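What follows draws every value from the coordinates through simple rules; no lab data is involved. Since the structure is predicted, the reported quantities are computational estimates derived from the model, not experimental observations. Because the Cβ atoms are built from the backbone with ideal geometry, glycine has one as well, and the counts that use them run over all protein chains shown.
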Amino acid sequence: MKKSLVALTLLAGMTGMNANATLINFDDTSLGGTGVVFDTIDWKPDTSHVTQTDTGNGIVDSTLDNFSEFGNTLLVNFQQGTTIVTPATLAYEMFLDYTLTGQVGLQNVPFFGPMLGVLFSGGSVSLYADTNKNGVLDNATKVTLGTFSVAGGNCGVSAVSGVGSCNVSLRFSATPGYFKVGGTDLSVFGPVNSYSNLIVTVQSITGFSPVYSGAGASQQFTITHDGNQTFTVSEPATVAALGLGLLGLGFSRRNKKQA
């Protein structure tokens, strides 16, 4: 386990970066918008709430404990690469609402000191628009734009400074009617072909203790972080076959785009 913790600590935030992000056409007209084409979403700094549960020895060490984190964050802007493409005025707010679960351990890493390593294995993540612009996700006015399943992820965070980074790999199930890639509704591609990476910078940890109140006990603390999210879509076999067939007949209706 020591080797795996060292590896995730050193690689967290440096792996999973999508070099070939896919341009996505977001039809937000039903939300009062005028449409936007993006491949990256920049998210506002937020504070998440963590429950960490000891697996039996009463301390945080290389024996992995259970970890659960929840919160939500607000859109800063849409981007194409590093270019901001957010319309001047948005009639809605966009939120990423998340619960992430996994395991955590602590190890002293040469040149880094004591590091917390988190391995994400599950959870639920949703993308919402909210036309009630008050900085809070309102159940009465939120619109579900899609959901994400957690494919995996990791974090490496200094237990001394509370600074570090994370990368979470997600699969996207888009709500029909909002997103298109190359003229095809993104919901057609499905979660098998729609990927997203959530790349997080951890800024601080408040309330964490390397010692529990007892064996098997839990502790609660908060984490402040921000980040951005990239999207990559690969062509599903059924859509690709249809496109090739139409092209062969001279009736191709769209330009295929491959990530």
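Things worth noting here:
- Relative contact order of segment 68-146, taken over Cα pairs closer than 8 Å and 6 or more residues apart, is 28 percent.
- Contact order for segment 184-233, expressed relative to its length and based on alpha carbon pairs under 8 Å spaced 6+ residues apart, stands at 49 percent.
- Relative packing of peptides 148-155, 20-27 - highest average C-beta neighbours within 10 Å first: 148-155, 20-27
- Most positive-pole-ward Cα, 195, 225, 87, against dipole of segment 2-249 from beta carbon charges: 195
- The aspartates and glutamates whose alpha-carbon is closer than 12 Å to the alpha-carbon of residue 133, local same-chain residues fewer than 8 away aside, are 93.
- Prolate is the label for segment 111-239, because a/c, from the alpha-carbon gyration tensor with a ≥ b ≥ c as root eigenvalues, is 1.5 or above and a/b exceeds b/c.
- Packing, taken as the mean count of other beta carbons within 10 Å per residue, orders the peptides 97-109, 121-133 from highest to lowest as 97-109, 121-133.
- Magnitude of the charge dipole, segment 2-249, Cβ model with Lys/Arg +1 and Asp/Glu -1, debye to 20: 360 debye
- Value of relative contact order over segment 2-249, rounded to a whole percent, pairs C-alpha under 8 Å and six or more apart: 23 percent
- In terms of surrounding Cβ atoms within a 10 Å radius of their Cβ, 233, 36 rank from fewest to most as 36, 233.
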